[in-house]
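The values are calculated or read from the model by the stated rules, or taken from the named source; none is laboratory data. Predicted model, so just to flag it, every value in this text is computed and none were measured. Here the Cβ is made from the backbone with ideal geometry for all residues, glycine too, and neighbour counts use every protein chain on show.
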Amino acid sequence: MAANITIPRRTLLVLCGPAGCGKSTFAAQRFLRTEIISSDACRAMICDDETNQGVNRETFNLFHYIIEKRLSLGRFTVADSTALQPFARRRLLDQARRAGYNACLLIFNVSLETCLARDRLRARSVGEQVVQYHFGLLQKTLIDAPGEAWDMLFVLDEDEMEMVEIEFS
């Protein structure tokens, strides 16, 4: 049986989790392509290489700019980045607040082994060291995020990700 998450249409849905945890796949299966603002896609738009970490400042300027424009037009928006750093989550939370939006954090609690295996299969692999670093940040996020004033917070374990459906209220 599918689990349902119900959110208002005026929501900034922030996906949070390590590389290889399935955030982008999850989003692509449930949302319109235009609703998903991906940091990887923004990076590719800037320099034609979604793995180039040397353009992070420019990437995230574009990422947040697009989110701001969508929210200003009243559009449901999915922020697809790792969002594992507190400052990254705070900036997205602040954007939602300024726009009068609900802020929903969806944490992908996926095992290190699964993330590493998926990363090895990806064309744009980030490597074992990055995935391990992200996994450590995930453990801290699972502790810290409940105290960060999100309107809604959901933790998806890997065995339930396929069954989750997003509905709008």
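Some values worked out for this structure:
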read-out	value
The lone exception for Ala19 - which of (1) crowded, with 22+ Cβ neighbours inside 10 Å; (2) touching a strand residue (DSSP E or B) at 6+ places or on another chain (Cβ under 7 Å); (3) of a type in the set (A, V, I, L, M, F, W, C); (4) in contact (Cβ under 8 Å) with a residue 40 or more places away in the chain it fails	(2)
Exclusive hit being small (Gly, Ala, Ser), surrounded by 13 or more Cβ atoms within 10 Å (Cβ to Cβ) and in contact (Cβ under 8 Å) with a residue 40 or more places away in the chain, set Ala3, Ala79	Ala79
Qualifying residue in the stretch 103-115 (condition: in contact with a helix residue (DSSP H, G or I) (Cβ under 6 Å, 6 or more places away or on another chain), more than 17 Å from Val155 (Cβ to Cβ) and not in a loop (DSSP other than H, G, I, E, B))	no
Matching residues, the stretch 127-169, being within 17 Å of Thr25 (Cβ to Cβ), in a loop (DSSP other than H, G, I, E, B), touching a residue at least 60 places away in the same chain (Cβ under 8 Å) and out of contact with any helix residue (DSSP H, G or I) (no Cβ under 6 Å at 6 or more places or on another chain)	Glu160, Val164
Single residue of Lys140, Lys69 found to be over 22 Å from Thr11 (Cβ atoms), surrounded by fewer than 21 Cβ atoms within 10 Å (Cβ to Cβ) and modelled with pLDDT of 95 or more	Lys140
Sole residue being at negative phi, touching an Asp or Glu at 6+ places or on another chain (Cβ under 7 Å) and among the basic types (Lys, Arg), chosen from Arg89, Arg70, Arg57	Arg89
Count - residues of the stretch 116-126 that are surrounded by fewer than 16 Cβ atoms within 10 Å (Cβ to Cβ) and within 21 Å of Gln29 (Cβ to Cβ)	5
Test for Arg97: is it modelled with pLDDT of 95 or more, part of a helix (DSSP H, G or I) and under 17 Å from the mean Cα position of the chain (by Cα)	no
Any chance Arg30 is of a type outside the set (S, T, N, Q) and exposed (fewer than 14 other Cβ atoms within 10 Å of the Cβ)	no
